[in-house]
Amino acid sequence: MKELIEKLLQGDITHEELQILREALNKSRNLRNFEGYLQREFDLNLALLDINLESAFSRLKLKTGKRDFKSRRRHLSPYLKYAAALLFFVALGLTLRLFLWQAEANERLVPKNESVLLELHDGRIDTIDVNQSKSMKSQNGILVARQEKDRITYENSDTKELSFNTIRVPYGKRFSVNLSDGTEVFLNSGSSLKYPVSFLDTGQRSVFVKGEAYFDVAPDASRPFIVRTDLTEVKVLGTRFNVSAYEEDDFIDVALVEGAVNLRPLSGAKKNTLTPMNPGQLARFGKLTGEISLVDVNTNLYTMWMQNRLVFRNQTFDDILRKLERHYNVDFENHNEKLGREEFNATFYRVGVDSVLNYFNKAHEIDFKIMNNKVIID
C-alpha cells in the first residue's frame with residue numbers, strides 16, 4: 001500500500017494499481033494507515049489536506065457542472081476526507097503538484113551540476129563520471145580500484161608506505177567509497193574523504209572527513225579505525241555510525257547506529273577527553289563551547305539521507321535552507337531574520353527542489369521568488 005501511495009503522489013501509478021488502491025482504502029484500517037503515512041512521510045496533516053480538498057472540489061465542480069459537492073463534504077469523516085481527496089486528485093489527473101503547488105515565478109530554478117572529483121596522492125585530479133564504470137590502475141599498471149558508477153572499491157594490497165587519495169563530492173550528489181580493508185563509507189552532498197589507497201598491515205586505520213559521512217567499519221581488533229575531522233576524532237574497532245562535520249555548522253554530530261565508539265575533541269575545554277558512546281546515542285560537539293552533549297535519539301533520522309530522504313525535525317528555517325543548498329546544489333538568500341529562527345518539521349522523499357519550495361510556500365505561507373537562478377526569500 002505504501003508503494004502504491006508513493007506512486008500516486010509521484011504520478012507514476014497505473015490504472016490497474018489505482019483500482020487496487022481504491023479497494024484497499026475502503027477499509028477503515030487502511031485509511032488510518034494512509035493518514036499516518038502522509039503525516040509521517042510528507043508532513044501533511046488534515047488541515048493542509050482540507051485546503052487541497054477544497055481546491056479539488058472546486059475544480060471538479062467546474063469540470064462536471066455539479067453544485068452539491070460542498071454540502072456533501074460536511075458529512076465526511078476525517079478518514080473519508082483523505083479517501084475522497086485521493087480519488088478526486090486522481091480523477092482530475094492531479095498528483096504531487098496538488099499537494100505541493102507549482103511556483104509562481106518568472107524564472108525556473110536550475111540546480112547546478114558539478115562533478116565528483118578524485119584527487120590522487122601525486123596531485124593529479126580525475127573527474128568521476130557517475131554514469132560510467134571503469135578500472136583504475138597505478139602508473140605501473142597494477143589494478144588499484146574499480147569504479148562502478150557512484151561507488152569506488154579499492155583493492156587490498158601489501159604496502160610499506162601510506163599514500164592518500166581524496167574524494168570530493170559536490171552539492172547535489174552523493175558517493176560511496178569501499179576502502180581497502182572492506183570498510184564502506186557513504187558521503188553526503190558537499191563532503192570530502194581523505195583516505196589511504198591501501199592500509200598498512202599494522203597500526204591505526206585513519207581517514208579524514210569534511211561534511212557528512214556514514215561509516216560501516218570492517219572489524220579488526222588489531223587495527224583501530226580512526227575518523228578525524230578538523231576538531232574531533234572518533235575511534236572504533238568495528239561499527240556503524242554517522243558523522244556530520246560541515247564547516248559552516250556550529251556543531252559536529254556523531255550518531256552511533258551499532259557497536260561502540262569513543263569521541264575525542266582535538267580542541268576546546270574537553271580536549272583529549274574520551275566520551276564513550278552506546279548504540280542509539282548522538283554526541284554533539286559545540287565548536288564554540290568545546291563541550292560535548294550526549295543524548296538518546298532515533299538514529300534513523302540521521303541516516304535517511306542515504307535513502308535520498310530529507311528529514312527536518314525541530315530545525316530552524318536557516319538550518320533547513322543550508323541542507324537544501326547541499327542536497328540540491330542551489331543558492332538561497334533569506335532576508336527574513338525572524339523566519340530564519342523559526343522551527344519546522346518536514347519530510348521529503350525523491351522530490352525536486354520546486355516541490356519542496358512550493359510546500360513551504362503553501363503549507364507555511366512562505367513567499368519566495370527566483371532571480372538569477374537564486375531563491376530569494378523576503
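Worth a mention:
- Rg/Rh for the stretch 266-316, where both radii come from Cα atoms and Rh is the Kirkwood radius: 1.04
- Computed accessible area, K210, all protein chains, 1.4 angstrom probe, square angstrom: 110
- Under the Karplus curve 6.51 cos²θ - 1.76 cosθ + 1.60, θ = phi - 60°, whole-Hz ³J(HN,Hα) for the stretch 302-314, x wherever Gly or Pro sits: 9, 10, 5, 4, 5, 9, 6, 9, 9, 10, 10, 10, 6
- Alpha-carbon spread of the stretch 124-200, three principal axes, descending order, Å: 37, 23, 21
- Using a probe of 1.4 angstrom and keeping all protein chains present, the accessible surface of the stretch 230-378 works out to 48 square angstrom per residue.
- Largest first, the residues I320, I125 sort by 1.4 Å accessible area into I125, I320.
- Taking amide H as placed 1.01 Å from N in the peptide plane, T232 has its amide H under 5 Å from the amide H of L266, each at least 5 places away in sequence or on another chain.
- With the simple spin-label model, which puts each label point 7 Å out from Cα in the Cβ direction, the L237 to F164 separation comes to 2.7 nm.
- Distance between the pseudo-spin-label points of I226 and R22 (7 Å out from Cα toward the beta carbon): 6.5 nm.
- Relative contact order for the stretch 104-234: 18 percent, from Cα pairs under 8 Å spaced at least 6 residues apart, divided by residue count.
- Accessible-area order (highest first, 1.4 angstrom probe) of the listed residues K287, K160: K160, K287
- Radius 9 Å from Cβ of Y246, net charge of other residues (Lys, Arg +1; Asp, Glu -1): -1
- Residue order by solvent-accessible surface for E343, E119 is E343, E119, largest first, with ligands and nucleic acids left out and a 1.4 Å probe.
- Per-residue 3J(HN,Hα) values for the stretch 173-190, derived from phi via the Karplus relation 6.51 cos²θ - 1.76 cosθ + 1.60 with θ = phi - 60°, read 9, 9, 8, 10, 10, 9, 6, 5, 8, x, 5, 9, 10, 10, 9, 7, 4, x Hz in sequence order (x marks Gly and Pro).
- Charge context of R223, other residues only, Cβ under 13 angstrom, K/R +1, D/E -1: -1
- Beta bridges assigned by DSSP with both partners in the stretch 234-378 are antiparallel in approximately 90 percent of cases.
- I142 - accessible surface, heavy atoms, 1.4 Å probe, Å² rounded to 10: 100
- For a paramagnetic label modelled on L288 (point 7 Å from Cα along Cα→Cβ), amide N atoms under 19 Å away belong, within the stretch 308-324, to 315-323.
The values are calculated or read from the model by the stated rules, or taken from the named source; none is laboratory data. Keep in mind it's a predicted model, so treat the numbers as computed, not measured. Because the Cβ atoms are built from the backbone with ideal geometry, glycine has one as well, and the counts that use them run over all protein chains shown. Calculation scope for accessible area: heavy atoms of the full protein, side chains included, ligands and nucleic acids excluded. Shrake-Rupley method; radii C 1.70, N 1.55, O 1.52, S 1.80 Å.
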